[in-house]
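Chemist: If you scroll down you'll find the structure; I have some questions about it.
The values are calculated or read from the model by the stated rules, or taken from the named source; none is laboratory data. Worth saying up front: this structure is predicted, and the values here are computed from it rather than measured. Glycine gets a Cβ as well: all are built from the backbone with ideal geometry, and neighbour counts include every protein chain shown.
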Amino acid sequence: MSTYYITTPIYYVNDLPHIGHIYTTMVTDTVARYQRMRGRDVYFLTGTDEHGQNIERVAESKGIKPLALADRVVERYHQLWSRLGMTHDDFIRTSEERHEAGVHEIIRLMEKNGDFYLGRHEGWYCPRCEIFYTEKELLDGNLCPIHKTPCEWKVEENVFFRLSKYQDRLLKLYDEHPEFVRPASRLNEVRSFVEAGLRDMSVSRTTVSWAVPFAGFEGHTVYVWLDALTNYISALGFGGEETKPFHHYWATEDPVVHFIGKDILRFHAVFWPAFLMSAGLPLPKTVWAHGWWLLDGKKVSKSAGGVVRPDYLIERFGGDPLRYFLLRDMVFGQDASFSDEAFIERYNGDLANDLGNTTSRLVTLCRRAFDGHLPPIAGVGVDSQTDLAQTAAEVVTEYHEHMEAFAFQEALRSLYRLLQETNQYLVRNEPWKKMKDPDATEEVSKVLWSCLEALRIVTTALLPVLPQRAPQVLQSIGAPVPAKFGESLSWGGLPTGGALQEVKPLFPRIDKDAWIAEARAEAGAKTEEHSVSESEPTQSAAGQESPAADSPAKLAEPTAEERIGIEQFFETQLRVARVVDAEKVPKSSKLMQLTVDVGEENHRTVVAGIAKAYDADDLVGKLVVVVANLKPAKLMGIESNGMVLAATEDGQPVLLHPERDVPPGTQVR
Ligand code: MSP
């Protein structure tokens, strides 16, 4: 049986998981599930990257040990991955002994090859990337090209790795195995970088103690990327006593795939193969760099701000709709924008409507026509315009091609073509018109069976993408839930005549406006969280325990770029207002409709996301501060004319009041 080893990057423990981490892991899980269903011997690895100066600094600022910080964040990863049904075979932590053994072994082999020497290292260093940049790569003001924060000039005596020695071998690798870096545009990027000339790189530190000691170089610890990259083999027992998995999954001709984000391409496509060449070890087969999820045009990340913590989406919908959206709305390899609107449109369109409604419609028709049973006679799905069985066969071929090429969007598109044809076939054949005619039983049965059979094939193919919901859809149409594809994607697998179970709707339609209003209120409650500095990794979503909540969050001083002029501040009109009336917005758990006196002739309506924290009655008569010159916005059908200011503590709003009574309308500045 062929093997298939697939990995995610290991995630830093200075941040809680966000949509970017979830994305990579969901994609990897989908491929792992798909390949297992194809019958391959899959090994899926994920884990955490726990060493380094960044983690050390953060832990220090909390007054806790780095390992304690890591333990807390790791716990959150475990909880989330289990909730989302991730099927990783292993979770490696770089603080584990088995990993350290792997790092020592790779260093021993590299050293044996004469690839280390001691040298003086000076240059511009980004403490967040933990990497030196050349002057050319820096942005104006010596800012890091990734984080846009200042780099430090650092001088150290380090162990150097003879990276330059591997330049030609790397170029040969890219030429002979273009599949080593995917997509092709990324290969070009990597090739140009290497062609421009590789300098030897420093692979030890003398100032970082939360790291693996560098054997043979007293006082040096291993550079965090050499440490981290080795996880892909240390998890397989490399450097330990039990090396069987390493030989089985790594040292093989079968696929070995690293899924990564494009931000860490150079480490995986240049440094990692060079380390392995130096150690005389086999290389992975493919490094696949996907794009970024963007929010307001910026990468979703802690450091760039705009953190999307998906807890709310998952709490509300479960993991599958999010997974479906992430796979369907991003061309794997390119960037894509995340928005609540896009999510809900995809959910309502593809899941509630196309998949959900088709299922309930067919089940309802069977109930009526065959007394709650599957159609008694199987069909071939052919009418004057469609050969459903033929379309299904084509679609399944396309689906496999796309899934093997990681073109998830295309794979899903193909499946939906079959779903659409099924609906058209149903509408054309109008079985509901013939249900009462006993002579038409065979025809009605064949039409309904054919539609259900096509739906079964689509849903079976969706099992890796909707691992929690697709089995329920299959059960609801009396179809088997296979562990392996086998013959299950061929026409003819649906039984005839079995009893159908009672099912509740699997993808209830969501009112878009109400959802957006709720999501905004949720986002509002988290504004504070977004402004927390990179060095403060522990802010969490509303109501959740922060993994390092021992001390209050420290905010970063705004950078020169972030500062605004006083005139810009004065563009915002802040005024004191008195709450005249307050009422919870029906059907919303968070929104409160306030009538406020802002010193104008008429009172205003302002909708605020404070209903979880305040009772309406307690608010009446209170003085608050509002932004008076905001453009009106509709929240759950109510026009809001302003915004009430609140601090956010633990995700809960805390209203701001003037320190003594002042007349409504008084300016705040
Ligand atoms: N620890 C390193 C990786 C070491 S691998 C040997 C690291 N960790 S990370 O926590 O910053 O997360 C890295 C990965 O998260 C990215 O490479 C990418 O896979 C994913 N993403 C983080 N933000 C992302 C988006 N906004 N969009 C998509 N994925 C991104 O780097």
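Chemist: From Glu156, Glu152, which residue is free of Cβ contacts under 8 Å to residues at least 60 places away in the same chain, acidic (Asp, Glu), under 25 Å from Asp49 (Cβ atoms) and touching a Lys or Arg at 6+ places or on another chain (Cβ under 8 Å)?
Modeler: Matching residue, one of Glu156, Glu152: Glu156.
Chemist: When you scan segment 82-96, how many residues do you find that are among the polar types (S, T, N, Q), within 25 Å of Arg36 (Cα to Cα) and in a loop (DSSP other than H, G, I, E, B)?
Modeler: 1
Chemist: Looking for something within 21 Å of Val194 (Cβ to Cβ) and more than 24 Å from the chain's Cα centre (by Cα) - is there at least one such residue anywhere in segment 264-271?
Modeler: Yes, segment 264-271 contains at least one residue that is within 21 Å of Val194 (Cβ to Cβ) and more than 24 Å from the chain's Cα centre (by Cα).
Chemist: Within segment 222-238, is there a residue that is surrounded by fewer than 20 Cβ atoms within 10 Å (Cβ to Cβ) and either farther than 30 Å from Arg120 by Cα or not polar (S, T, N, Q) (or both)?
Modeler: no
Chemist: Of the numbered conditions (1) in a strand (DSSP E or B); (2) away from the ligand (no atom under 14 Å from the Cβ); (3) touching a Lys or Arg at 6+ places or on another chain (Cβ under 9 Å), Tyr43 satisfies every one except a single condition; which is it?
Modeler: (3)
Chemist: Quick one: is Arg182 under 28 Å from Ala211 (Cβ atoms), buried (at least 18 other Cβ atoms within 10 Å of the Cβ) and of a type in the set (Lys, Arg)?
Modeler: When the stated conditions are applied, Arg182 does not pass them.
Chemist: Same structure again: State the number of residues belonging to segment 248-282 that are more than 26 Å from Asp200 (Cα to Cα), within 16 Å of the ligand (Cβ to nearest atom) and surrounded by fewer than 18 Cβ atoms within 10 Å (Cβ to Cβ).
Modeler: Residues meeting the conditions: 0.
Chemist: For the structure I just gave you, tell me whether Ser204 is in contact with a helix residue (DSSP H, G or I) (Cβ under 8 Å, 6 or more places away or on another chain), modelled with pLDDT of 95 or more, buried (at least 23 other Cβ atoms within 10 Å of the Cβ) and on the phi < 0 side of the Ramachandran plot.
Modeler: It is false that Ser204 is in contact with a helix residue (DSSP H, G or I) (Cβ under 8 Å, 6 or more places away or on another chain), modelled with pLDDT of 95 or more, buried (at least 23 other Cβ atoms within 10 Å of the Cβ) and on the phi < 0 side of the Ramachandran plot.
Chemist: May I pose another question? Regarding segment 24-40, can at least one residue be identified that is at pLDDT below 95 and outside the structural domain of Val458 (by TED's automatic domain parsing)? Talk me through it step by step, then tell me what you get.
Modeler: Of all residues in segment 24-40, those at pLDDT below 95 come to none.
The answer is no; no qualifying residue exists.
Chemist: Out of Arg57, Arg38, Arg33, I need the residue that is surrounded by fewer than 23 Cβ atoms within 10 Å (Cβ to Cβ), more than 9 Å from the ligand (Cβ to nearest atom) and under 15 Å from Val257 (Cα atoms). Which one?
Modeler: Working: Arg57 fails: under 15 Å from Val257 (Cα atoms); Arg38 fails: under 15 Å from Val257 (Cα atoms).
Going through Arg57, Arg38, Arg33 in turn, the sole match is Arg33.
Chemist: Still on this structure, I have one more. Look through segment 1-26, keep the residues that are within 8 Å of the ligand (Cβ to nearest atom) and of a type in the set (A, V, I, L, M, F, W, C), and return whichever of them is surrounded by the most Cβ atoms within 10 Å (Cβ to Cβ).
Modeler: Result: Ile10.
Chemist: I've got another one for you. Quick one: which helices (runs of 4 or more DSSP H) sit completely within segment 353-440 and have at least 1 residues that are under 20 Å from Phe325 (Cα atoms)?
Modeler: Counting at least 1 such residues, we get 358-370, 388-404, 408-429.
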